[in-house]
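The values are calculated or read from the model by the stated rules, or taken from the named source; none is laboratory data. These numbers were taken from a predicted model, which means no experiment stands behind them. Using ideal geometry, Cβ is built from the backbone for each residue, glycine included, and neighbour counts are taken over all protein chains shown. Each accessible area value is taken on the protein alone, full model and side chains, heavy atoms only, with ligands, DNA and RNA left out. Shrake-Rupley method; radii C 1.70, N 1.55, O 1.52, S 1.80 Å.
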Amino acid sequence: MKETLQNANFPQDGEGRVYHINVKRGEVANRILTVGDHVRARAIAKWLDSEAEAGHPTFIHTSQRGFLTITGRYKGVPITIMAIGMGNPMMDFFVRETRAVVTGTVAIIRFGSCGSLTERAPPGSVIVPHGGYCIRRNIDYFSDHPINQDLKKSPYIISGTFAADADMTHRLADAVETALMPLVESGEPVGPVITSGLNADGCSFYSSQGRQDPAFWDDNQQLIKQAMATHPDTVCLEMETSMLFHLAKCATGVKAAGCHQVFADRVGNGFIRPEVVKVLEPAVGKAVLEALIATNVEDQMEEIGTVWERAPSK
Ligand code: R1P
Ligand code: URA
């Protein structure tokens, strides 16, 4: 922390920079592509307009807490690409702190990696879920002294569902299908695109995604079966997208969609190969940018005073 912060309820520095992402108004655009992985964010940023095309340099900032913000333009439209790390709390920091520094609609598409629960989506395929829910480890179940014996009954809590924005999801599914078509035709081991079903966010990559570890007391042998019985159209497991849908529902002026490249085959126990990621990731990243620029946002920020303000022509 370099600056003295004001307001313990929602800390910001004297220029309005938020505490964890460390950006201020004019550094984050209305349309945001978010990923977990910094390397993925930087790879997708290669699709942004050059400085000569954009009329300004690309803004790149890493916060002390590890959030990477890249703001530029794609086909002339202001876009932010942000890497946030992993898990529901990181998604919470990201949605709340970007909402605080952006005026007008915040349109967010998450592009993550996931585990697949269906043979229809092997490693190399892409899933565009229509909604999601959360699976949380119930720590009271494992507690020595739970405050209520009822909490000892179930080791995991499976939530109800939250819908993705239908219009954004539709555009995203179309854009991903279009992007993958030439790769499939040229024989690359990518696809298919699964354009419905539910995502499940685990609060852990391990216990609450049903992974077995003899070194831990997890009581999760039946967890995937229970989740599928509760939500039979579940297709994938990861750690942020359902939280994004939940927060979008609870926030003012935030709308969101998501897509995932399948890394882990949780049916057949396989994993994606790096050479497939190398082909798939840039193609899907570009498709997400296409879907974002086609997304309508209300009261988009004026460019004056922002990092995407064009230099005056000489
Ligand atoms: C776990 O390996 C991470 O991968 C997935 C999960 O949601 C979790 O963040 O997404 P990212 O590849 O976007 O990080
Ligand atoms: N990310 C997850 O959270 N789970 C997986 O199985 C793969 C990627």
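Which of rounded, prolate, oblate describes segment 150-308, given a ≥ b ≥ c as roots of the alpha-carbon gyration tensor eigenvalues and a/c under 1.5 marking rounded, otherwise prolate only if a/b is larger than b/c? Because a/c hits 1.5 or more and a/b fails to exceed b/c, segment 150-308 counts as oblate. Long hydrophobic helices in the chain: the complete DSSP H runs spanning 27 Å or more by Cα along their own axis with mean Kyte-Doolittle hydropathy of at least 0.5 are 274-293. One Cα centroid belongs to segment 261-314, the other to segment 42-74; the line between them spans 12 Å. Here Lys2 is the anchor, and the lysines within straight C-alpha reach of less than 19 Å, apart from those fewer than 8 places off in the same chain, are Lys24. Computed with a 1.4 Å probe on the full set of protein chains, the accessible area for Ile157 sits at about 90 Å². Averaging over all projection directions, the Cα-based convex hull of segment 106-156 occupies 6.5 nm² in the image plane. The order of the peptides 174-181, 232-239 by mean Cβ neighbours within 10 Å, most packed first, is 232-239, 174-181. D by Stokes-Einstein for segment 1-117, Kirkwood Rh over Cα pairs, 37 °C, 0.692 mPa s: 223 µm²/s. Spherically averaged projected area of the convex hull of Cα atoms, the chain: 18.5 nm². When the residues Glu27, Glu302, Glu15 are ordered by accessible surface, computed with a 1.4 Å probe over the protein chains alone, the sequence from largest down reads Glu302, Glu15, Glu27.
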